[in-house]
Amino acid sequence: MSQPYPFVDPTLFTQNAGAELYIDLAAIVQNYRYLQTKVGSAHCAAVVKANAYGLGMIPVAKTLAKAGCKEFFVAHLDEGIALRSVLDKDYTIYVLHGLPINSEALFLKYHLTPILNDIDQLCRWTQLCTDHNHSYSAGVQFDTGMSRFGIGQDSLNDLQQFNWTIFKPSLVMSHLACADVPEHPANQQQLEQFQAVKRLIPNCRASLSASSGIFLGKPWHFDLLRPGVALYGGNPTPNQPNPMHNVISLQGTIIQTRHIPHGAFVGYGATFTATKAMNLAWISIGYADGFFRAFSNKTSAISPQFPGTPLALLGRVAMDSLCVDITDLPQSALQVGDKIEVIGNHYPIDHLAQQVDTIGYEILTALGKRYHRIYR
Ligand SMILES: *Cc1c(COP(=O)(O)O)cnc(C)c1O
């Protein structure tokens, strides 16, 4: 028997999806330009790892390239290979996670720039350059206190064997642990460490700061900045007003409305009980879409038709659905098929994050695969 229906990729969600995720590419460009004005003659790269924090690496990178961004950072080699398919060799693609064993040929083939994170990676890249008698572009990372990636203080002696003639690094970098807390003493300590290790590689461009480091001021800027979250609307200066433009609006479709009496409960676990007769709207977004169950009974939503009235989330967020209180809206104002915004200007990622003790980064990168992503 022949199969009458053509194969459809089950991970593809289109106009029939339960929710729309609007991604404002123009706002990302505005954010990029704003960050560039903060750093004077230094350059802003764009960090587009993790699918541009969930917003779509390809459309985001193409847009930023058009806006003048020349340098991009990803975490994984595979991300770099994918990105290279839309950016020609004039654009530098740095791979933060370094040089996996036996990956040298792929880095050359796709013209990717590894960030070398230990002495072994440095030796292997230098060997490659020696074999080909060519200084292929690569960055070198030093650990200046985070105890994560990069050549540690304990390995600095091993660097004496390098004369940096066969292989000439194109970037020396490190990463700040506490840049979002300006008064944290680690910022000054890491800056001083970085200035010291940077001298080991003379005449090399340097990069220390990501989004929050840009706001620490000029001493932290060096030659290249590596913003990620600020491009996507996250607040790089927590505890102060967000200087960035909001980028996303997540709007779920109402799939059912209910009128319930005083005393009725709502959702799994009966965690909410109506204190009066109420009107509810069930929306097609749940924790399987990265809208955390921890938001249950905590956040609020908005109807684009009635932007002045916050609509509280009632009861537990289920796998595929959540409930909002529409009692305060005019009777029958909202119908099945109407949209409710659960993330956006009224409730930005950082506010959501605060409710459940996490950071905007996690909200963004958790954004689900079942949304219809619409770029504008
Ligand atoms: C993720 C990452 C960035 C971007 O950080 P944001 O805080 O999102 O700006 C920059 N540099 C490194 C090494 C990273 O891992």
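Within region 167-187, the residues that satisfy the criterion of being among the polar types (S, T, N, Q) and either free of Cβ contacts under 8 Å to residues at least 40 places away in the same chain or within 11 Å of the ligand (Cβ to nearest atom) (or both) are 174, 187. Being surrounded by fewer than 18 Cβ atoms within 10 Å (Cβ to Cβ) and aromatic (Phe, Trp, Tyr) is a description that applies to residue 375. The condition of being of a type in the set (S, T, N, Q), over 18 Å from residue 342 (Cα atoms) and at pLDDT 95 or above holds for residue 273. Looking at this structure, is residue 368 buried (at least 18 other Cβ atoms within 10 Å of the Cβ) and within 17 Å of the chain's Cα centre (by Cα)? Judged against the criteria, residue 368 is a match. Of all residues in region 192-250, those being within 30 Å of residue 166 (Cα to Cα), touching a residue at least 24 places away in the same chain (Cβ under 8 Å) and over 16 Å from the mean Cα position of the chain (by Cα) number 17. Number of residues in region 233-249 that are among the small types (Gly, Ala, Ser) and away from the ligand (no atom under 16 Å from the Cβ): the value is 1.
Matching residues to (1) surrounded by fewer than 23 Cβ atoms within 10 Å (Cβ to Cβ); (2) under 30 Å from residue 249 (Cα atoms); (3) among the polar types (S, T, N, Q):
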residue: 139; (1), (2), (3): no, no, no
residue: 157; (1), (2), (3): yes, no, yes
residue: 162; (1), (2), (3): yes, no, no
residue: 170; (1), (2), (3): yes, no, yes
residue: 173; (1), (2), (3): no, no, no
residue: 201; (1), (2), (3): yes, no, no
residue: 207; (1), (2), (3): no, no, yes
residue: 223; (1), (2), (3): yes, no, no
residue: 232; (1), (2), (3): no, yes, no
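Among 226, 205, which is within 13 Å of the ligand (Cβ to nearest atom), among the basic types (Lys, Arg) and at pLDDT 95 or above? Write out each step before concluding.
Working: 205 fails: within 13 Å of the ligand (Cβ to nearest atom).
Being within 13 Å of the ligand (Cβ to nearest atom), among the basic types (Lys, Arg) and at pLDDT 95 or above holds for just one of 226, 205, which is 226.
Evaluate the following for residue 309: is it outside any helix (DSSP H, G or I), at pLDDT 95 or above and not aliphatic (A, V, I, L, M)? So residue 309 fits the description; yes. State yes or no: is residue 260 closer than 22 Å to residue 298 by Cβ and more than 16 Å from the ligand (Cβ to nearest atom)? Considered against the rule, which asks whether it is closer than 22 Å to residue 298 by Cβ and more than 16 Å from the ligand (Cβ to nearest atom), residue 260 comes out as yes.
Filtering region 252-293 to residues that are within 17 Å of residue 311 (Cα to Cα), in a loop (DSSP other than H, G, I, E, B) and either of a type in the set (Phe, Trp, Tyr) or touching a Ser or Thr at 6+ places or on another chain (Cβ under 6 Å) (or both) leaves 284, 286, 291. For the criterion of being under 19 Å from residue 252 (Cβ atoms) and of a type in the set (S, T, N, Q), residue 16 passes.
Residues of region 328-358 that are of a type in the set (Val, Ile, Thr) and either modelled with pLDDT under 95 or more than 18 Å from residue 241 (Cβ to Cβ) (or both): 336, 340, 342, 343, 356, 358.
Cβ-Cβ distance below 9 Å, separation of 6 or more or different chains: which pairs start in region 51-80 with a residue that is over 19 Å from residue 149 (Cα atoms) and end on one that is small (Gly, Ala, Ser) and modelled with pLDDT under 95? Pairs found: 54/368.
Among the residues of region 322-342, is there at least one that is in a helix (DSSP H, G or I) and more than 20 Å from the chain's Cα centre (by Cα)?
No, region 322-342 contains no residue that is in a helix (DSSP H, G or I) and more than 20 Å from the chain's Cα centre (by Cα).
The values are calculated or read from the model by the stated rules, or taken from the named source; none is laboratory data. Keep in mind the model is a prediction, meaning the values are calculated, not measured. Here the Cβ is made from the backbone with ideal geometry for all residues, glycine too, and neighbour counts use every protein chain on show.
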